[in-house]
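So the structure is just underneath, and the comments pick up after that.
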Amino acid sequence: MATSPTGFDQWIGFILVDEGPELNQNAQEPGGASRFGVSVDALTDYHHSVGLPVATIADVVAITSDQAIAFYRWYLSSLMLDQLPAAIAYRLADIATNLGQVGGARALCLALGVWPLSDQVTPALCGAARQLDQTQLICALSGVWMGQKHGAGKGWEQDGHGWTARRNKAHARALSLITVALGANSVSSGRTL
């Protein structure tokens, strides 16, 4: 299934805005310094996949939004987002941006009530996600994400308000993508909402 016009291109800007163009250099940043949410370690993995040398902080400082988008196309590809409705794909992408690819896959398992947890998104998980009410799955994903961030312990006292605000923004955006999709479906079928 190809990425629809209401998929990646519709929501990637949300992640870039939330992660920001500022260089994030602090001891709490996993993967080293980051910009647009792209860390030195993650950019190094991407560089290796396309035959480039190990990334440096200078590479992260120089990354453009277009380069960050190319990175995210690669980074998020293992999550099979093109197999999910845009609202769920966005919420899962936002989670994986913060918890990593494995963390994103596990968050989807937890939200779906699947055990044992998987370290990767599978066609079966995508199928299960498509069968659920999108609003309920977004609520479950948002709850799992908050639990993971709070359960990580370190930094909650300092960053808890920021993480809560991020969750609320991402949650609201995901819900708005359901409305956009419903509107597009009713227009294409001739129905009105």
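The values are calculated or read from the model by the stated rules, or taken from the named source; none is laboratory data. None of the values given here were measured: they were computed from a predicted structure. Note that each Cβ is placed from the backbone with ideal geometry, even for glycine, and that neighbours are counted across all protein chains shown. Calculation scope for accessible area: heavy atoms of the full protein, side chains included, ligands and nucleic acids excluded. Shrake-Rupley method; radii C 1.70, N 1.55, O 1.52, S 1.80 Å.
Could you compute how much accessible surface Arg173 exposes when probed at 1.4 Å, giving the result in Å² to the nearest 10?
Taking all protein chains as shown, Arg173 has close to 50 Å².
Order the following by accessible area, largest value first: Lys149, Lys169. Probe radius 1.4 Å; ligands, DNA and RNA are ignored. If you can, show how the numbers build up before the last one.
Numbers: Lys149 35, Lys169 100 Å².
Listed by decreasing accessible area, they come as Lys169, Lys149.
Just how much of Leu76 is accessible, in Å², when a 1.4 Å probe is used and the result is rounded to the nearest 10?
Rounded to the nearest 10, that gives 10 Å².
If you roll a 1.4 angstrom probe over the protein chains with everything in place, what fraction of the accessible area of the chain belongs to carbon and sulfur, to the nearest %?
Details: 5590 of 9930 Å².
Within the chain, the accessible surface is 56 percent carbon and sulfur.
Around Gln134, with a cut-off of 14 angstrom between Cβ atoms, what is the net charge of the other residues, counting Lys and Arg +1 and Asp and Glu -1?
On the way: positive: Arg91, Arg130, Arg173; negative: Asp133.
For residues surrounding Gln134, the net value is +2.
Roll a 1.4 Å probe over the protein chains and send me the accessible area per residue for the chain in Å².
On the way: 9930 Å² over 193 residues.
Value for the chain: 51 Å² per residue.
Keeping all protein chains in the complex and leaving out DNA, RNA and ligands, what accessible area do you get for Ile69 with a 1.4 Å probe, in Å² to the nearest 10?
Ile69 has an accessible surface of roughly 40 Å² with all protein chains in place.
Helix 156-189 versus the longest principal axis of the chain: what is the Cα-based angle in degrees, 0 to 90, to the nearest 10?
The answer is roughly 40 degrees.
Can you give the alpha-carbon Rg of the chain over 2.2 N^0.38 Å, where N counts its residues? Spell out each step's value before the answer.
Details: Rg = 16.8 Å, N = 193, 2.2 N^0.38 = 16.3 Å.
Computed over Cα atoms of the chain, the ratio equals 1.03.
Averaging the inverse of every distinct alpha carbon separation and then flipping it gives the Kirkwood radius. What is it for region 61-137, in angstrom units?
12.8
Using 0.36 nm per residue, how much length does the chain from Trp115 to Ala70 gain when fully extended, once their Cα-Cα distance is taken away?
Numbers: separation 45, 0.36 × 45 = 16.20 nm, distance 3.27 nm.
Additional length available on full extension: 12.9 nm.
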